[in-house]
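All of the numbers you see were taken from the coordinates with simple rules; none came from a lab. Just so it is clear, the model here is predicted, and its values are computed rather than measured. FYI the Cβ positions are ideal-geometry reconstructions off the backbone, even for glycines, and counts take in every protein chain you see.
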Amino acid sequence: MLEIKGLHKSFANTGVLKGIDFRVDKGEVVAVIGQSGSGKTTLLRCMSFLERADSGYMIFDNCSCDMTAVSKKEIRELRMHMGFVFQSFNLFSNMTVFQNVMEGLVTARGMDKEKARKKATEVLEKVGMINRAEFYPGELSGGQQQRVAIARSIAPDPEIILFDEPTSALDPELTGEVLDVMKTLAKEGTTMVVVTHEMGFAKEVASRVVFMENGTVVEEGTAGEIFSAPKNERTRQFLSIS
Amino acid sequence: MSSRLIEILTSSFFKILIPGIKITIPLTVLSFAVSLVLGLLLALVQVAELRFIKDIARFYIWIFRGTPLIVQLFIIFFGLPSLGITLEAFPSAVMAFGMNLGAYNAEVFRAAILAIPKGQMEAAYMIGLNYPMTMMRVVLPQSFPIAFPSLFNNLIGLLKDTSLASSITVIELFTTAQQIAARTYEPFALYCEAALIYLIFSTALTWLQDWIERKLKWKSGGSEDAGNQRTA
């Protein structure tokens, strides 16, 4: 489904990603865990070209490409098949919930308005936000905003959805409602990469867990392998603190 | 106050007000329209990082902010004819005011665009919008309410600056007051009267600003009031 080889990225001479190999198969839920600053978020941002990699190779959709040489047009094409859920939701504050969800369908993909309305209704029902469809983001709680953001990202039926710490900006009592929506998606076979600090979620939902440290993948395996019998010393330390 | 003075003031009030309505206001509105279009374009080419065009925009702003408005007026009205370009007084004034304020409004728009959190653009890109779509649908609609108070500030400034058009033979509010003052030898009373009429105009603009700002707030939602009403 999506594969990355030899991904390097540094900011101002500080190496953040030091040769990452990463793959996601169809229907997998991959949880990426690790300390703050380990490069998890940067990995996701390079995969979606919000940051430009210094070197690396990517296979996704019809593209097998050098990540440093992809054109703007190709990036937009790739993003048409990707969903992205941000830590800080980033709902368009000038649009209602409904408009937020329809925007990617109507403006970006030229979908017929009636069809888009139907699709938006469907995804908003799925995340339990249809009764807030006419609200503006500023009128919603953080958890509600994130559920709308998830609806917005799944509306165009992307092949893969990238979640960048989707619950880190939420009060503890609001994380549950967002995680529940993500669990539903996982059960439906949605391909997901989730950068998270929610170990409970990773343990329960992830089909594979990737532990990162200092810009490298230290260990990866099934949730069972990583959480009950981590091989690497650093993984053991990290899991015992968190 | 002598009855003669009262007589002069009352009879001149409408004589000054009418060119105010017929010349000063259209001059202000047209110049402001020019400055908005120009300012938005100058801001957009700068934030889009269009290399060469961006430099032209910076150069333009440098010139028009760095030289006096009255000098710009004189160059356009008295100077351009020697290059073979002759304009009537009114269009010369619209051009000078519009181009001058365009430089200032460019900075207002640029600041308002830069004030939009980067995450809004990133989210727009990730749902598949390209750069022009992102600007039109997400960034500019959010920038406008931010730019609005400063733009209106400049509009009120412009209203008063149009009195400079008197120096290039436009018969507007202030020119008329000058003519009557010269005829009646009552400069103090007549210039105070002109000031009063400018004040009436700018007060009306202030009310208009308040009214539009309330509308903008309502439209963008998110105010405490709107939230409470909706959840109640």
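Worth a mention:
- Other protein chain Cβ atoms within 10 Å, averaged over every residue that makes up B:114-122: 3
- Normalised contact order of region B:3-220, rounded percent, pairs of Cα under 8 Å and 6 or more residues apart: 29
- For the cross-link pairs A:Lys73/A:Lys115; B:Lys118/B:Lys217; A:Lys18/B:Lys118, the ones whose C-alpha atoms lie over 24 Å apart are A:Lys73/A:Lys115; A:Lys18/B:Lys118.
- GNM result for chain B, Cα springs below 10 Å: residue of B:Leu50, B:Leu42, B:Leu158 fluctuating most strongly: B:Leu50
- Packing-based exposure ordering (other Cβ within 10 Å, fewest first) of A:Glu51, A:Glu233, A:Glu204: A:Glu233, A:Glu204, A:Glu51
- Candidate lysines - alpha carbon under 26 Å from A:Lys183, same-chain residues fewer than 8 apart omitted: A:Lys26, A:Lys40, A:Lys118, A:Lys119, A:Lys126, A:Lys203
- The charge dipole of region B:3-220, taken about the Cα centre with unit charges on the Cβ atoms of Lys, Arg (+1) and Asp, Glu (-1), comes to about 440 debye, rounded to the nearest 20.
- Whole-angstrom gap from region A:88-150 to region B:48-100, using each part's C-alpha centre: 46
- By the helix-only formula, in which each DSSP H run with n ≥ 4 contributes -39500 (n - 2.57) and the sum is divided by residues, the protein assembly as shown has a 222 nm mean residue ellipticity of -18000 deg cm²/dmol.
- The string of couplings for region A:188-204 from the Karplus curve (6.51, -1.76, 1.60, θ = phi - 60°) is 6, x, 5, 7, 9, 10, 10, 7, 8, 10, 7, 5, x, 5, 4, 4, 7 Hz, one whole number per residue in order, with x for Gly and Pro.
- Calculated from backbone phi, Karplus (6.51, -1.76, 1.60) coupling profile of region B:11-17 in Hz, x at Gly/Pro: 6, 7, 3, 6, 4, 8, 4
- Candidates A:Leu105, A:Leu140, A:Leu162: whichever shows maximal mean-square fluctuation once chain A is modelled as a Gaussian network with Cα springs under 10 Å: A:Leu140
- Within straight-line reach of A:Lys231, meaning a Cα separation under 13 Å, sit the following aspartates and glutamates at least 8 residues removed in sequence or on another chain: A:Glu219, A:Glu220.
- For chain B, a Gaussian network of Cα nodes joined below 10 Å ranks B:Glu107, B:Glu172, B:Glu49 by mean-square fluctuation, and the top entry is B:Glu49.
- Summed side-chain charge close to B:Gln178 - residues other than B:Gln178 whose Cβ falls under 14 Å, Lys, Arg +1, Asp, Glu -1: -1
- Whole-percent pair-distance distribution, where bins are 10 Å wide, for the alpha carbons of chain A: 8, 31, 36, 21, 5, 0
- Per-residue mean of C-beta atoms belonging to partner chains within 10 Å, peptide B:86-94: 0
- When both region A:151-192 and region B:120-162 are represented by their alpha-carbon centers, they are found 31 Å apart.
- Close amide H contacts of A:Val32 (hydrogens built in the peptide plane, cut-off under 5 Å, sequence separation of 5 or more or a different chain): A:Val194, A:Val195, A:Thr196, A:Val210.
- Rounded to the nearest whole Hz, the Karplus-based 3J(HN,Hα) values (6.51 cos²θ - 1.76 cosθ + 1.60, θ = phi - 60°) of region A:158-170 follow the sequence x, 6, 8, 10, 9, 10, 9, 6, x, 10, 5, 9, 10, with x at glycine and proline.
- Per-residue average of Cβ from other chains inside 10 Å of A:82-94: 5
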